[in-house]
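In what follows, a single structure is set out as structure tokens and then discussed.
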Amino acid sequence: MRVGLICVVLVPLAVGGCGSVGGLFDRDRSASAAEAVPTEGADVVEAVVVDDSVEEGVAEVPVALPVSGDTVLGTTVAALGDPAVPGLWMETPLTRREQTGQVRYQASSVTVTLRPTGGDAGSGSRLSLLAMQALGAPLTDLVEVTVTGAQ
């Protein structure tokens, strides 16, 4: 009984380390491919793994979004929002509906998706990590920004 259990556990581990069956235990061979790259002046060949797959769940950020309007909605004090939520967005009480708007901080501006918070006008806003970085705003500070969009 012990010998059978040892064989069941150790044999796959031992075989998995062999170069001749290296691809036997790979889950997705289509996501990566190995290329042989000769090293200059040597008989050694390096294997380079090339991964050209797109990571699931990663959204591409558009470069330029059309702004919903050109009305200055007001100024607000913004802090860093949830860094786990990707994209260019701002949660703010200055809008009552989701729309595309412009946020200005000092000499920089960025187009973001404005999301309503439902709070009072002076309750503050939250900017995405990507938006804070695009504005050049310090991530740990509260920053005063001007918000432009449609009313």
Problem set entry | Filter result for Val77 (in a strand (DSSP E or B), surrounded by fewer than 20 Cβ atoms within 10 Å (Cβ to Cβ), modelled with pLDDT of 95 or more and of a type in the set (A, V, I, L, M)) | yes
Exercise. Is it true that some residue in segment 102-118 is open to solvent by less than 70 Å² (accessible area, probe 1.4 Å), more than 18 Å from Thr146 (Cβ to Cβ) and part of a loop (DSSP other than H, G, I, E, B)?
Worked result: no
For this session: Filter segment 127-146 for residues that are in a strand (DSSP E or B), surrounded by fewer than 19 Cβ atoms within 10 Å (Cβ to Cβ) and of a type outside the set (Asp, Glu) and give the result.
Result: Thr146
Problem set entry | Filter result for Met90 (open to solvent by less than 60 Å² (accessible area, probe 1.4 Å), more than 11 Å from Val147 (Cα to Cα) and not in a loop (DSSP other than H, G, I, E, B)) | no
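The values are calculated or read from the model by the stated rules, or taken from the named source; none is laboratory data. All of these numbers come straight from a predicted model, not from anything done at the bench. Neighbour counts run over all protein chains shown; Cβ positions are idealised from the backbone, glycine included. Keep in mind that these areas ignore ligands, DNA and RNA; they rest on the heavy atoms of the full protein, side chains included. Shrake-Rupley method; radii C 1.70, N 1.55, O 1.52, S 1.80 Å.
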